[in-house]
Structures are given as structure tokens and as C-alpha cells.
Amino acid sequence: MQPAIETRELIKEYGELRALKGLSLTVEEGEFFGLLGPNGAGKTTFINTLVGLVHRTSGDASVFGYDVESEYQLARNKIGLAPQEFNVDRFFSVREVLIHKAGYHGIPKAEATERADEVLKRVGIYDKRDERFDWLSGGMKRRLLLARALVTDPDLLILDEPTAGVDVQLRHDLWDLVTELNEEGTTVLLTTHYIEEAERLCDRVAIMNEGQKVTVATPDDLKRRGTDTITVDLEPTPPTAIDSDLGPYALETTVSGDRLEVRVDEGGPTAPQLLHDLEAAGYTILDLEISRTSLEEIFVELTEREDRTVTRSDDERTESERASDATDGREREHENEHEHEQERRAV
């Protein structure tokens with residue numbers, strides 16, 4: 001079975017800026033895969049490389065075994081893309097947008113019309129089928145982007161920040177729909193800034209930073225890499241320097257009034273020893289709470305600049321980030337034009 005996505009040593013350069021730095025990544029067929037990273041991490045460049053909007057500088061990239069450049073049509077027909085930006089022809093009705101999209105992929109008009117109605121019903125905006133894009137609310141526009149991605153019945157659904165700027169109810173509606181699609185066999189690649197979104201939906205997540213893969217793991221595995229915090233309310237009030245009363249399990253301690261916070265590798269197994277040491281030192285335990293490391297905390301820890309393998313001076317960092325922002329802007333500005341051009345070539 002071919003992986004849904006496979007890249008090896010993928011590099012993309014814009015002049016002196018290297019947006020992707022030897023990215024090697026595999027997404028298995030049927031996975032719900034998350035892609036996390038700060039702004040400028042290379043997530044959009046990676047997606048645009050997969051769908052043919054930008055050409056790689058070097059390396060390999062394939063979708064279900066088809067090279068994204070030399071076998072563009074075969075690879076692109078496998079993909080449904082719901083981009084972050086609204087890149088829709090505003091002079092057509094909602095239904096016409098979907099029919100045209102299906103037509104770019106060689107689907108006959110009668111079948112395209114039937115598919116358009118089916119996906120509009122599935123995403124919940126069938127009653128808006130004759131309205132123009134500009135007349136839709138922000139949430140309905142997000143639903144339309146998803147419908148456009150689904151009208152070709154893709155094997156790989158790529159969602160670039162699909163819930164950005166939407167209300168909580170719509171976010172949960174989209175979560176339910178995308179989960180249903182994945183359970184039906186569609187491979188999903190999700191980029192998001194909402195950590196809880198990745199934690200709830202994804203089988204595995206890759207964390208990217210500065211064009212590189214930092215790590216790939218399940219959300220639970222990532223959380224196990226972090227530390228736990230044991231919070232204890234004590235009597236009498238402990239001194240600031242309480243470390244001498246505790247064992248080597250205490251990685252870090254913080255005292256605030258009568259509250260002690262102790263950072264440890266594993267909270268559950270360590271709590272009994274901590275309580276024993278505190279009672280032996282003459283303290284009465286009033287309350288205890290163990291908080292586990294969140295995926296968000298792990299994400300921040302892995303992407304903090306001072307902990308990166310690749311370091312740069314402040315001046316270099318600022319210049320690179322400005323170039324990255326400019327690159328993202330250029331790609332998004334021309335995304336619709338380029339996608340239409342590529343798809344027309346493919347038909």
C-alpha cells in the first residue's frame with residue numbers, strides 16, 4: 001500500500017530563504033494527520049508543493065505514489081484542498097463554483113451537478129446553492145471551501161486552518177464532518193493553530209519549525225514527553241527555599257504563600273513520596289492536585305527559539321521572517337490563479 005503522502009529531503013528555496021529544509025515526512029493512507037507549527041514554519045509551502053502551486057527546489061514528493069510534478073494530473077486528482085484563504089470566483093453562484101471545480105478534473109457536467117448538490121447538502125449550505133460567494137457569511141464561506149474540496153471525491157483531504165475565525169458551534173460541526181469523512185476512509189492532512197483541535201482529531205501530529213520537522217508522534221506520546229506539576233497547599237507556610245526537604249524527583253519548585261508547586265517527571269507515582277517528605281518535614285497537607293502537561297505546553301517547548309538545533313542572530317531571524325511573510329503573501333495572492341491554470345492543464 002502506497003503512503004498517502006511521502007516526501008524525502010524536500011527543499012524549497014525563495015532566493016536566499018530556504019522555506020523547506022530537507023523535509024522528510026510520511027502520512028499513511030487512512031490517517032488523520034496533523035501539521036503544527038508557528039507562523040513561518042513552512043506549513044503552507046509544504047501544502048502548496050503537494051498541490052502543484054509551487055515547484056520544489058530539490059527532493060521528492062509524492063501523493064499515493066504519484067510524483068507531484070512529473071505526474072501532476074494523477075497526483076492532483078487524488079487531492080481535495082480547503083485552503084486558509086478565500087480563493088473563490090466571486091461572480092459565480094455557489095453551485096457553479098463546485099461544478100466548475102469538478103469540470104477541471106474531467107468530471108462531466110451532469111455528474112458534476114449531482115456531486116455539487118450532494119456535497120452542499122453534506123456541509124449544510126444546500127439552501128445557499130444559488131447565491132454568490134460574497135453574499136455568504138464567514139462560516140458559510142468556510143463550509144463552501146470544504147464542499148469544493150470534496151466535490152471531486154478525493155482520497156486525500158488537505159485542510160489548511162479550516163476553523164480559523166469561525167464560532168465554536170461551527171468548529172465542532174466541521175470537526176464532526178471531517179471525522180466522519182476520515183472514518184469512511186479519506187486520508188486527512190490538517191494544519192491548525194488550535195492545539196486542542198489536533199489533540200482531539202489527529203492520529204499523529206508532526207511539529208514543524210523553520211522549514212524542518214521537529215518531531216512526529218501521537219498526541220498522547222507527545223504529552224508523555226513533558227513533565228507534571230504537583231500543587232500542594234500546606235500548613236504552615238513553607239519557606240521559599242524548600243528544595244532541601246525534597247528528593248531529587250523535584251525538578252523545580254515554586255512557593256506562593258501556602259501553596260507549593262513541584263515539577264516532576266511523573267505526577268502519579270511521585271505524589272506519595274512528595275507527601276511523605278513534606279509530612280516528615282513537619283507540614284500538614286491541606287490539598288493536592290496533579291496537572292498533566294498539555295499538548296500546547298509541549299508544542300511551545302519544542303518550538304522555543306532558544307531550544308532549536310538551528311540558531312540564528314536576531315538580525316538574521318528578523319530578515320528571514322520578513323521574507324517568509326512576503327513569500328506566504330505572494331503564494332496566497334496568486335493561489336486561485338495558479339490552481340486554475342494547473343487544473344486546466346491537467347484536463
Tally time: how many residues in the stretch 87-126 are of a type outside the set (D, E, K, R), surrounded by 14 or more Cβ atoms within 10 Å (Cβ to Cβ) and closer than 21 Å to residue 138 by Cα?
-> 14
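So that you can scan it fast, the table gives a plain yes or no per residue for (1) assigned to a loop (DSSP other than H, G, I, E, B); (2) closer than 20 Å to residue 204 by Cβ:
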{"position": "3", "(1), (2)": "yes, yes"}
{"position": "21", "(1), (2)": "no, no"}
{"position": "48", "(1), (2)": "no, no"}
{"position": "56", "(1), (2)": "yes, no"}
Of the residues that sit in the stretch 183-194 and are crowded, with 20+ Cβ neighbours inside 10 Å and either under 16 Å from the mean Cα position of the chain (by Cα) or among the basic types (Lys, Arg) (or both), which one is modelled with the lowest pLDDT?
-> 192
Those residues of the stretch 50-77 that are crowded, with 17+ Cβ neighbours inside 10 Å and in contact with a Phe, Trp or Tyr (Cβ under 7 Å, 6 or more places away or on another chain) come to a total of 2
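Table: residues versus (1) without any contact (Cβ under 8 Å) to a residue 60 or more places away in the chain; (2) more than 23 Å from residue 35 (Cα to Cα); (3) in contact with a Cys (Cβ under 9 Å, 6 or more places away or on another chain); (4) not in a helix (DSSP H, G or I).
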| position | (1), (2), (3), (4) |
| --- | --- |
| 90 | yes, yes, no, yes |
| 100 | yes, yes, no, no |
| 116 | yes, yes, no, no |
| 127 | yes, yes, no, no |
| 144 | yes, no, no, no |
| 149 | no, no, no, no |
Can you tell me which residue among 248, 238 is under 22 Å from residue 275 (Cα atoms), in contact (Cβ under 8 Å) with a residue 40 or more places away in the chain and either in a loop (DSSP other than H, G, I, E, B) or in contact with a Cys (Cβ under 7 Å, 6 or more places away or on another chain) (or both)?
-> 238
Please find, within the stretch 195-210, the residue that is nearest to residue 6 (Cα to Cα) out of those that are under 14 Å from the mean Cα position of the chain (by Cα) and not in a helix (DSSP H, G or I).
-> 206
For residue 254, which of the numbered conditions (1) within 30 Å of residue 38 (Cβ to Cβ); (2) free of Cβ contacts under 8 Å to residues at least 24 places away in the same chain; (3) exposed (fewer than 13 other Cβ atoms within 10 Å of the Cβ) fails to hold?
-> (3)
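The values are calculated or read from the model by the stated rules, or taken from the named source; none is laboratory data. Remember, it's a predicted structure, so these values are computed and weren't measured experimentally. Don't worry about glycine lacking a Cβ; one is built from the backbone with ideal geometry, like all the others, and counts go over all protein chains shown.
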